[in-house]
Protein chains: 2
Amino acid sequence: MAPIMDVHELSNLLQQLGFRVVSLLDLTREEMLAAIDKFIQLLDRGVYGLFYYAGHGCERAGRNYLVAVDAPQPYEPENCVCVQRIMLKMQERRTALSVILLDACRKWYKQQCIPSCIMPLGPTGNTVYGYATCEDAEAFEVQDGGKSTGIFTKYLNEHILQSEKVTHVLERVSEDLGKDPLVTGKQVVEIKHTLKEPRSLADPVRTTGHTKELRLRDACWRQANELPQKKRLMFRCGVEVEVSFSALFSNVLMAFATVKTTGLRTQDCTVTLSSIPTLEDIFSGPGRSEEMDTLLFQKSDNPDCTLRLCALQKLKGSLVIKVDLHYTHMDSRLRQTESKQMDIGKPLVASCKLYKRNHAKKQEGASGRSVGNISDGKAAQLHQTPGGPRRPFTRKAECAAQPAAARGNEPEENDETEQQDFTFRH
Amino acid sequence: MAPIMDVHELSNLLQQLGFRVVSLLDLTREEMLAAIDKFIQLLDRGVYGLFYYAGHGCERAGRNYLVAVDAPQPYEPENCVCVQRIMLKMQERRTALSVILLDACRKWYKQQCIPSCIMPLGPTGNTVYGYATCEDAEAFEVQDGGKSTGIFTKYLNEHILQSEKVTHVLERVSEDLGKDPLVTGKQVVEIKHTLKEPRSLADPVRTTGHTKELRLRDACWRQANELPQKKRLMFRCGVEVEVSFSALFSNVLMAFATVKTTGLRTQDCTVTLSSIPTLEDIFSGPGRSEEMDTLLFQKSDNPDCTLRLCALQKLKGSLVIKVDLHYTHMDSRLRQTESKQMDIGKPLVASCKLYKRNHAKKQEGASGRSVGNISDGKAAQLHQTPGGPRRPFTRKAECAAQPAAARGNEPEENDETEQQDFTFRH
């Protein structure tokens, strides 16, 4: 069970700071790489970029690897995403600040193979890594009833709005986590950075002088957080049903149906929701479902029916919401069903076409310019994969750490598929 | 030419902060390892440890390597000292703060071999790396007339006395270096740390409650900075010569001779100094000699003769200073020479017997305890090897960067000789 609530909260906090946030739950490796490509394209000279990942990870020879939901065990090189390559790509966009935050384990794999070649960062500075834990150590979660909390992300959320240098925000997280008796001697925050200017995540965003190209790309990502309009559906029997929406992640949409007006001759109205095509419900597991309920409670006024629309990144066409109204006709006493459909197009991240990974194109940076501590834009991408049985838990009750099982194979980046996307610097 | 002045100044600044400093110039690999062993033995629970190195370095697979003066080119594994192993050893002493500062290049070696196994740090925090430059980049020196300055160390010296968190001191260095047009786009400071408590190099030192063992070890290192007493030598001819001493590094002693009283029947007195055994003068090169002169000017009141006693770490017995007085006897008009000898024992670091590397013994930590931001002691070791032709210079006039030549062989730590000194944690 991943600490969904925390990541959801982090997303809100980053939006308060002016970040254009895209948060993605449970991606496959191909989807992650596509999402990262899109994220990188949004970055530009002067922009502040932030990449956050919570889930399973590991480390070898100074490199961090993210494990996607479809990574078979034992891991093979092509199943991992190399963090250092993400930072390199961010830097190549000439960002004014590049931040990568990892709430993931960094257990070392045994080092019996030659590390494949990666390009080093250039000496231009303003890159910041915030690691939940140090080398060869685990990142813990506290499980408290139905809610699980990544300890690093919990403290991160407490401090991220501070208008001080991003490194100082991370130091506050480090000090708080350092005082937490649950992880004493088990987990310690590591901060690694080349911040040469006193940049803060709370720095103001320049709103003028953006290039057309940047505005276009920005629009695509703004769309990724735009909800379908709520709508009242009038059924022939006289019943009026409102369908409204809420986003939990950029790839998880909630649809709510509420009976607003009952007809003159109808009683015992109930509503069911379904979608065409049917999307998987990744929250059907016992733990996640409870977390979900908590969030639903926050998001809506006790609807008559809710539908979770997950994995929107897989959607290739329009999504249609089917509303089935069930009622008893007062005259006939018969239970009847009336249906209506509502086309909501490609909601949220579906609009970004992550299934279409563009291997060939290289994007050139637009000509923004950063002067002082004003960002030319802020973009954040949040990834969350299930820590599940792979990630150790610290339970408040017994505080038992369950280390991840050692695996035989080394994680390796897949040079063949990844390198073609690089914009080489020299 | 190494930036001797800066390292000398850093040594003074650290002493002002209460550090027991040992600074060592031009060590061979075996001498470096022996010095590091001694340094590690001085550390203990609650102590603040600081290791500084200026000279040639390189990086591979996330590890930094220090190149000793006797490292043949191309480098072989046994000629390099692995920085991460030093940090691990510091942590194993249960220090309250472990700082490693590297004013050295981090050019990457090609990664075509399997990195040998090193032990990871434990998740206990309060380790700080301050790198003059980022991955695969060079650390520059400014050469200004006879004086060469490591840019990182220059800014470090400007800020190190600040009584704020050590990470914030390093951030000031990073920001200053980031603004320096000489290294824009070439060098950027990297800070990597797990500082979980707000520790400062200026924190007060606890003066009570030290164990006997710690006091004994401490005494050995205090000795490493103790100068021989100055002495007046009375020659039979009536001339009085004062011999005094000054330490430039812990392994470089300066001896000064000054004629204090001329005899009644002597004139044209001159003095020459020599030592038994003869020690090499590593400052005889053209650039270093100039720097040396600047320092001498600071250290003494225009003596009649100076003698540089370098590489004291190689001294196995007592050092004898031979003072030859040359004068003209007023009656005979003959030029005469009278000699006196002065045994100064094992001055400075010679007292630490670095030539005797103790491979077998494991030291157990004493039972000091650190509460809050008070250190139970402070120990620093400064290493300086010649950057010489290996290290790129940035000249103020032409600002030309001369990259280090690429080398064929990979640096590797010599597991066989090093690992036996480890105190394994588990």
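The values are calculated or read from the model by the stated rules, or taken from the named source; none is laboratory data. Predicted model, so just to flag it, every value in this text is computed and none were measured. Positions of Cβ are backbone-derived with ideal geometry, glycine not excepted, and every protein chain shown enters the neighbour counts.
Listing for the model above:
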quantity: Some residue of the stretch B:198-217 being crowded, with 24+ Cβ neighbours inside 10 Å and β-branched (Val, Ile, Thr); calculated: no
quantity: Boolean, B:Arg222 is surrounded by fewer than 17 Cβ atoms within 10 Å (Cβ to Cβ) and either farther than 28 Å from B:Thr385 by Cβ or not polar (S, T, N, Q) (or both); calculated: yes
quantity: Residue in the stretch B:226-236 that is modelled with pLDDT under 90, more than 30 Å from B:Arg29 (Cβ to Cβ) and in contact with a Phe, Trp or Tyr (Cβ under 7 Å, 6 or more places away or on another chain) present; calculated: no
quantity: Strands (runs of 3 or more DSSP E) wholly inside the stretch B:228-286 containing at least 3 residues that are over 31 Å from the mean Cα position of the chain (by Cα); calculated: B:252-261, B:266-276
quantity: Hits in the stretch A:147-161 - residues which are part of a loop (DSSP other than H, G, I, E, B) and more than 22 Å from A:Gly57 (Cβ to Cβ); calculated: A:Leu161
quantity: Residue tally, condition under 30 Å from B:Leu42 (Cα atoms), in contact with a strand residue (DSSP E or B) (Cβ under 9 Å, 6 or more places away or on another chain) and either in a loop (DSSP other than H, G, I, E, B) or without any contact (Cβ under 8 Å) to a residue 24 or more places away in the chain (or both), over the stretch B:177-199; calculated: 5
quantity: Filter result (surrounded by fewer than 23 Cβ atoms within 10 Å (Cβ to Cβ) and not in a helix (DSSP H, G or I)) within the stretch A:1-20; calculated: A:Met1, A:Leu17, A:Gly18, A:Phe19, A:Arg20
quantity: Residues of the stretch B:342-366 satisfying the condition of being modelled with pLDDT of 70 or more, within 21 Å of B:Arg93 (Cα to Cα) and not in a helix (DSSP H, G or I); calculated: B:Leu354, B:Arg357
quantity: Sole residue being surrounded by fewer than 17 Cβ atoms within 10 Å (Cβ to Cβ), over 18 Å from B:Thr328 (Cα atoms) and not polar (S, T, N, Q), chosen from B:Glu280, B:Glu240; calculated: B:Glu280
quantity: Residue ID - nearest to the other protein chains (Cβ to nearest Cβ), chosen from residues in the stretch A:170-189 that are surrounded by 21 or more Cβ atoms within 10 Å (Cβ to Cβ) and aliphatic (A, V, I, L, M); calculated: A:Val188
quantity: B:Gly49 at pLDDT 95 or above, at negative phi and small (Gly, Ala, Ser); calculated: yes
quantity: Strands (runs of 3 or more DSSP E) within the stretch B:29-143 that include 2 or more residues within 14 Å of chain A (Cβ to nearest Cβ); calculated: B:57-60, B:63-67, B:97-104, B:127-131
quantity: Qualifying residue in the stretch B:200-220 (condition: more than 25 Å from B:Lys38 (Cα to Cα) and touching a residue at least 24 places away in the same chain (Cβ under 8 Å)); calculated: no
quantity: Residue check, A:Thr167 in a loop (DSSP other than H, G, I, E, B), within 11 Å of another protein chain (Cβ to nearest Cβ) and modelled with pLDDT of 95 or more; calculated: no
quantity: B:Lys147 vs. criteria farther than 16 Å from B:Leu50 by Cα and within 22 Å of the chain's Cα centre (by Cα); calculated: yes
quantity: The stretch A:144-164, subset of a type outside the set (Phe, Trp, Tyr) and within 19 Å of A:Ile86 (Cβ to Cβ), residue nearest to the other protein chains (Cβ to nearest Cβ); calculated: A:Leu156
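Residues checked against (1) at pLDDT 95 or above; (2) surrounded by 20 or more Cβ atoms within 10 Å (Cβ to Cβ):
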{"residue": "B:Tyr75", "(1), (2)": "no, yes"}
{"residue": "B:Met87", "(1), (2)": "yes, yes"}
{"residue": "B:Val128", "(1), (2)": "yes, yes"}
{"residue": "B:Asp136", "(1), (2)": "no, no"}
{"residue": "B:Glu141", "(1), (2)": "no, yes"}
